[in-house]
Amino acid sequence: MRISEYVRHDAVGLAELVADGEVTPAELEAAARAAVEAVNPWINAVVETWPADDEPRPGSAPLAGVPFLIKDIGVSMAGRRMELGSRLAAGHTARADSALMRRFRRAGLVTFGRTTTPEMAYSTTTEPVLYGATLNPWCLERSAGGSSGGAGAAVAAGVVPVAHATDAAGSIRIPAASNGLFGLKPTRGRVSWGPDFDEMFNGLAVHGGVSRTVRDSAVLLDQIRGPEPGDPYFAQEPARPYAEEVDRTPGALRIGVLAQPWGGHRTTTPVADALARTLRLLEYLGHRVEEVEVDLGVDWEEFLLANARQWTANLTAQVDELAEALGRPVDSSTLEPPILASYHYGQRVSGAEFATALTVRNRVARNLARFFDGHDMLLTPTLPDLPVPLGTHGEGAEALDGLGWLRRLFDVSPFNAPFNVAGTPAMSVPLMSDAGTGLPIGMQFAAGYGREDLLFRLAGQLEQASPWSGRTPVVWAGNRLDH
């Protein structure tokens, strides 16, 4: 299969070609590898590739034979390195598959490599010392977002149609918005972190993916959702597969609109214009939209402090465990300045301060739940600005402490983290682009706990009304030398 043919299909479409005997999984894998060779020297999104295993895959699996990439954090593949984007974990190899990896295999996916992540996934841009910066395929001077920046750039450039991603404060939605993709953060407890973890960052982090089409994300979530034995909690199973929701009408929805982010930040003119166009589209589709104010139950400074304590305490424990297991020091030779500063900040978080941070989590969750009692969804821009230039996050970062670093991250992406704190699902939809630069602009829709079904219905409707799959970036495998 030629690359130009390969990139015309989404994951479901490729699986259908395999099922019909029109192409073999080996031919798809060869096309994906050729795509890596064509675009990765430009964008640096794929850390490494490896020969796909020979394990038989169920021919009836919905994604049988589809090439796939996993993020370099959060999922263990037996015998493969998982380095967390950090010199501290360089060379670390997983001993066994995690539950999520087993589900990827059962779905029929052919995992042949891993994508970049910032160190410890602790940034909203992907510029680690270990791998070097990942570049945005729409503009090589811009960030691809983070922490699933490698996944976002690889999918946007046509390497694979869908890739694994994680999200603790926007790390699915930010790269989706930055790279012109669809990305849905599932409900807390929807996808298991087992067996090594009961939850990650006290439930802030979730597994998911980024994709070029809505149905690919829906099918992927259908294949990985559900609890594992020993999970501390799980979200109620949906009434029907998410793949079936994509083609169902959402009905007339009541959608609240938050144009300006929490914390006194301002949405820039290109993004505000894109939001206004989105509102007109929603009204044309019969939805009721209204500007709202959304009370998180705490002020922004209290929200920041609670998140800094919760994040850094978890980070410190993770770093200490890695350092002990690998026999390495925790200093500037193994950690980048903002991560090392966050580690030291976490060392000073007391048990009482950590417990107080969890009470803030509860207040935010209760307040957002009350909002969704009166609205089907909340619409915000995914990001208040266009993708930032590379290096923006790093300017003066060596002078920041753990709270200061998190403040910088949330300044760039203030719309995202509250839904991780509350555990509710949220998606970024690549509805718009900036007329001046051509850069994609994502719109974020959030819904109540467990309502991914409603999000997928609206996403499917928006995809039909305002298709985005025809828009491709400057670095696109289909434009490169064909094989």
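Ranking of Leu100, Leu109, Leu140, Leu63 by neighbouring Cβ atoms within 10 Å, starting from the fewest: Leu140, Leu100, Leu63, Leu109. Among the chymotrypsin sites (Phe, Trp or Tyr not before Pro) within the range 209-294, those in coil by DSSP and having at most 11 neighbouring Cβ atoms inside 10 Å are Tyr233. Centre-to-centre, using Cα atoms only, the range 432-460 and the range 175-208 are separated by 17 Å. Exposure proxy ranking for Trp311, Trp468, based on other Cβ atoms within 10 angstrom of each Cβ and starting from the fewest, stands as Trp468, Trp311.
By DSSP, the beta bridges lying fully in the chain are antiparallel in about 70 percent of cases. For Arg471, project a label point 7 Å along Cα to C-beta. Then give me every residue of the range 432-452 with its amide nitrogen under 16 Å of that point. Residues 432-445 qualify, since their backbone N sits under 16 Å from the label point.
Qualifying GluC sites (Glu not before Pro) in the range 290-391, where qualification requires a DSSP coil assignment and no more than 13 other C-beta atoms within 10 Å, comprise Glu293. Among the trypsin sites (Lys or Arg not before Pro) found in the range 68-138, those both in a DSSP coil and sparsely packed, with 12 or fewer other Cβ atoms within 10 Å of their Cβ, are Arg95. With N the number of residues in the chain, Rg(Cα) / (2.2 N^0.38 Å) evaluates to 0.90. Between Arg277 and Asp299, the modelled label-to-label distance comes to 3.8 nm, taking each label 7 Å out from Cα in the direction of the beta carbon. Over all other residues within a Cβ to Cβ distance under 13 Å of Asp247, the charged ones net out to 0, with Lys and Arg as +1 and Asp and Glu as -1. Ordered by the count of other Cβ atoms within 10 Å of each Cβ, fewest first, Asp222, Asp331 give Asp331, Asp222.
Take the Cβ atoms of Thr249 and Ala399, set R0 to 56 Å, and the FRET efficiency comes out at 0.60. Computed from the C-beta positions of Asp198 and Asp53 and an R0 of 30 Å, the FRET efficiency is 0.60 to the nearest 0.05.
The sum of -39500 (n - 2.57) across all DSSP H runs of n ≥ 4, divided by the residue count of the chain, sets its helix-only mean residue ellipticity at 222 nm to -11500 deg cm²/dmol. For the pair Asp331 and Leu140 in one chain, pulling the backbone fully straight at 0.36 nm per residue adds 65.6 nm over the alpha carbon distance. With contacts taken as Cα pairs under 8 Å and at least 6 residues apart, the chain reaches a relative contact order of 19 percent.
Each reported figure results from applying straightforward, stated rules to the coordinates on display, with no laboratory input. Since the structure is predicted, the reported quantities are computational estimates derived from the model, not experimental observations. So basically every Cβ, Gly included, is an ideal-geometry build from the backbone, and we count neighbours across all protein chains shown.
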